[in-house]
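Notes follow the structure.
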Amino acid sequence: VTAWRRNRWLIYGLLLLASAIFLLPVYLVVVTSLKSPAAINLATTWSLPQVWHWRSFVDAWSTFAPKLGNSFTLTIVATIVSALMGSMNGYVLSKWRFPGANVVFPLMLFGMFIPYQAILIPLFEFLRNVGLYGGLTGLIMAHVVYGLPITTLIFRNYYAEIPDEMLEAGKIDGAGFFGLYGRIVFPLSLPGFVVVIIWQFTQIWNEFLFAVTLTSQSSQPITVALAQLAGGEAVRWNLPMAGAILAALPTLLVYILLGRYFVKGLLAGSVKG
Amino acid sequence: MKMTRDRITAILMLLPSLVLLGIFVYGFIGQTAWTSFSDWGRNPAQALALNPEIRMVGWQNYRDLFTGIIDVRFRQDLVNTFFFTIFFLAGCLGLGLGLAFLLDQDVRGEGFFRTLFLFPMSLSFVVTGTIWRWMLQPRGGLNVLPTTVGLEPLQFRWLTDRTQVWRFDWNDLPSMTGLLVAAVLLGVAVSAWRSRRRTRAGVALASALVVGAWSLTLARSIALLPFPELHGFNLAFIGIIMAAVWQMSGYTMALYLAGLRGIPAELREAARVDGANEGQLYRYVVLPLLQPITLSAMIILGHISLKIFDLIFAMAGADNATTDVPALLMYLTAFRANQFAKGAAIAMVLLVMVAAVIVPYLWSSLRGEVRR
């Protein structure tokens with residue numbers, strides 16, 4: 001019994017130690033964001049602020065509000081469009097198998113693993129030629145297209161769970177392709193949509209490579225603005241720290257409130273549903 | 001009649017996605033490949049012209065990258081990616097497995113700990129990079145953490161440190177690769193011998209000897225470069241590896257935890273009844289069952305680490321030479337210096353590396369699915 005108890009202590013001790021290490025950066029961000037620039041001193045990085053400087057958040061908000069707006073527009077539009085298209089693709093691929101589907105599907109999936117550098121130059125050229133370079137529309141388009149593989153994958157695996165007999169019954173009642181989707185498949189899709197929407201929201205909100213190469217100053221999302229601010233010379237560190245909190249909050253809230261679905265999306269990304 | 005019309009509708013509804021992915025993935029990869037064989041951007045005046053004069057130069061860009069004097073940075077970047085991948089994988093797998101084991105011990109507040117260890121996954125690499133950039137300031141952050149308990153501060157310069165360890169000559173690469181292959185073949189031979197497959201063991205041993213002999217003789221005389229060129233592990237990567245492990249080890253923890261939960265309780269009971277203690281139980285029953293998870297985690301994390309871009313960009317800046325990787329160099333080459341052809345060649349090298357990891361994985365997991 002004593003050995004068992006000692007083990008318990010060890011397990012909780014290790015877990016608490018790991019928690020402390022995981023929370024260390026969080027503590028530092030919060031503390032730094034609440035110090036006034038004059039109070040930020042490298043030697044006293046870890047001490048609590050003497051005076052709580054809430055102004056950092058006001059300043060960060062006024063710097064980042066337009067960029068946060070860009071991020072929200074971009075993320076919401078691209079998430080909805082790629083989720084709807086993914087749902088339709090998943091429905092076709094799971095319930096309307098056609099010859100060659102076993103070849104087409106892996107070819108679609110490959111698109112979510114490629115390093116986007118391999119398509120970036122033609123994408124840049126293409127957007128420049130059609131006049132979408134530097135704007136939000138081009139970025140949204142890129143996120144929709146390159147989001148299709150993962151949304152298709154999640155919906156295909158999700159719809160595979162719907163018994164074919166249900167659709168057969170619908171067919172006997174005279175429902176066609178759209179009737180079956182509208183009356184049987186779509187109403188059952190809510191959990192699938194939640195997983196896909198959370199996943200795409202997090203991915204697109206956090207994305208950086210497309211954002212930094214395809215946007216201009218006025219259309220850049222929060223990730224680019226934050227990297228630019230923190231990467232500049234002579235940084236007043238309370239500002240990027242407050243900015244990091246603002247940039248992290250939306251995805252963090254989604255994760256804390258809907259963590260179960262977030263993990264589902266995470267595990268779906270390893271191909272087998 | 002109605003069936004066929006529905007079937008056609010189905011294909012028509014899939015068609016837009018197929019066309020989009022066909023163009024934006026495969027068409028664009030083709031165009032990048034074509035660009036990588038050209039000289040677009042070599043003449044800066046032509047780079048952004050409306051109709052740039054472009055000539056085809058064959059494999060020249062690739063030859064430059066691997067053996068040209070100017071592109072030494074690309075070769076160091078490949079070495080950086082290699083070391084980064086190894087430590088990042090080891091860190092995520094080790095920490096993730098350890099945390100999953102701890103959480104598997106019927107602990108109270110498991111949900112809280114799980115949420116805590118996984119939350120960095122929901123953050124952007126840019127947010128993580130910004131935070132850790134501040135954590136790793138040479139005169140602040142982690143370096144002064146020991147002073148809070150009265151110890152001396154650390155002096156390590158983290159992201160700007162220029163020390164390089166485990167240095168080797170680029171010209172030794174063929175020979176070293178050969179020795180590595182020989183070692184793997186030797187391992188195959190030993191395991192085949194143990195399971196009494198003599199022919200297999202013999203063939204593997206013979207091949208190991210041939211490759212080993214080649215590495216020690218002929219391979220030594222292959223000179224990739226006309227001069228010795230040293231590369232090694234840049235210690236400036238330590239901080240980046242720490243940040244990356246902080247962010248991603250929750251993912252391996254979640255994978256392993258799902259795997260541990262999938263092991264039937266009866267199996268563990270049976271092992272205990274047979275007299276196994278907890279250590280043996282993990283060593284001989286649980287770990288072998290987790291092996292497939294380790295493999296998929298390695299592939300997913302491995303391809304992420306080959307592509308790593310935003311974390312380093314946010315932590316150390318795009319042009320911090322000691323923490324450079326091919327994904328960043330491609331961005332700098334193509335979009336800052338407008339050397340599109342060379343950027344395309346770097347991107348193609350990157351694509352080939354990622355495809356070498358991902359294609360077999362997709363192949364095997366989807367083939368398994370069809371059989372099921």
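One table, with the values for the structure above:
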{"read-out": "Peptide B:97-109 - average C-beta neighbours from other chains (10 Å radius)", "value": "3"}
{"read-out": "³J(HN,Hα), Karplus 6.51/-1.76/1.60, whole Hz, each residue of the range A:182-187, x for Gly, Pro", "value": "x, 8, 10, 6, 4, x"}
{"read-out": "Chain B: DSSP helices with Cα axial extent of at least 20 Å and average Kyte-Doolittle hydropathy no lower than 1.0", "value": "B:2-21, B:72-103, B:173-194, B:198-216, B:237-261, B:287-307, B:340-371"}
{"read-out": "B:Ser124 long-range amide H proximity, modeled H, under 5 Å", "value": "none"}
{"read-out": "Neighbour-count order for B:Thr4, B:Thr333, A:Thr73, fewest beta carbons within 10 angstrom listed first", "value": "B:Thr4, A:Thr73, B:Thr333"}
{"read-out": "Average Cα contact separation per residue, the range A:40-154, under 8 Å, 6 or more apart, as relative contact order %", "value": "45 percent"}
{"read-out": "Extreme residue, positive dipole direction of the range B:231-372, given options B:Leu329, B:Leu306, B:Gln339 (C-beta unit charges)", "value": "B:Gln339"}
{"read-out": "Cα-based helix-to-principal-axis angle, A:101-110 vs chain A, degrees rounded to 10", "value": "10 degrees"}
{"read-out": "Distance between the range B:285-314 and the range A:135-181 - C-alpha centres, whole angstrom", "value": "29 Å"}
{"read-out": "Zero-based 10 Å bins, Cα pair distances in the range B:302-348, whole percents", "value": "29, 55, 17"}
{"read-out": "Distant-in-sequence amide H partners of B:Ile263 (H built 1.01 Å from N, under 5 Å)", "value": "none"}
{"read-out": "Cα Rg over Rh - the range B:1-148, Kirkwood", "value": "1.16"}
{"read-out": "Approximate spin-label separation B:Asp172-B:Gln46, in nm, with each point projected 7 Å along Cα-to-Cβ", "value": "4.1 nm"}
{"read-out": "Residue exposure sequence - A:Lys35, A:Lys171, A:Lys95, B:Lys342 - by fewest surrounding Cβ within 10 Å", "value": "A:Lys171, A:Lys95, A:Lys35, B:Lys342"}
{"read-out": "For B:Leu12, net neighbour charge (Lys/Arg +1, Asp/Glu -1) across residues whose Cβ lies under 13 Å away", "value": "+1"}
{"read-out": "Shape of the range A:159-273, Cα gyration tensor, a/c cut at 1.5", "value": "prolate"}
{"read-out": "Separation of the B:Met56 and A:Ala65 label points, Cα + 7 Å toward Cβ, nm", "value": "5.6 nm"}
{"read-out": "Interchain or long-range residues, amide H under 5 Å from B:Ser38's placed H", "value": "B:Val57"}
{"read-out": "Nearest 10 degrees, 0 to 90: helix A:190-206 Cα axis against chain A principal axis", "value": "40 degrees"}
{"read-out": "Estimated Rh, the range A:22-142: Kirkwood, alpha-carbon pairs, angstrom", "value": "19.3 Å"}
{"read-out": "Highest-fluctuation residue, A:Gln220, A:Gln200, A:Gln228 considered, GNM on chain A with Cα pairs under 10 Å", "value": "A:Gln228"}
{"read-out": "Value of D in µm² per second that Stokes-Einstein yields for chain B, Kirkwood Rh from Cα pairs, at 25 °C (0.890 mPa s)", "value": "99 µm²/s"}
{"read-out": "Angle in degrees between helix A:222-231 and the longest Cα principal axis of chain A, rounded to the nearest 10", "value": "30 degrees"}
{"read-out": "Which of A:Val263, B:Val352 has the fewest Cβ neighbours within 10 Å, and the rest in rising order", "value": "B:Val352, A:Val263"}
{"read-out": "Calculated FRET efficiency for the pair B:Thr217/A:Leu267, C-beta based, R₀ 41 Å, to 0.05", "value": "0.25"}
{"read-out": "Under the Karplus curve 6.51 cos²θ - 1.76 cosθ + 1.60, θ = phi - 60°, whole-Hz ³J(HN,Hα) for the range A:38-47, x wherever Gly or Pro sits", "value": "5, 8, 7, 9, 4, 5, 10, 3, 8, 7"}
{"read-out": "Mean-position separation - Cα centroids, the range B:41-94 and the range B:157-226, in angstrom", "value": "25 Å"}
{"read-out": "Extension gain (nm, one decimal) between B:Ile238 and B:Val107, 0.36 nm per residue minus Cα-Cα", "value": "43.9 nm"}
{"read-out": "Rounded to the nearest 20 debye, dipole of the range B:260-369 from Cβ charges on Lys, Arg, Asp, Glu", "value": "200 debye"}
{"read-out": "Relative contact order [Cα under 8 Å, 6+ residues apart], chain A, whole percent", "value": "31 percent"}
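Every read-out reported here was derived from the displayed coordinates using simple, explicitly stated rules and does not represent laboratory data. Bear in mind the structure is a predicted one, so any value in this text is a computation, not a measurement. Positions of Cβ are backbone-derived with ideal geometry, glycine not excepted, and every protein chain shown enters the neighbour counts.
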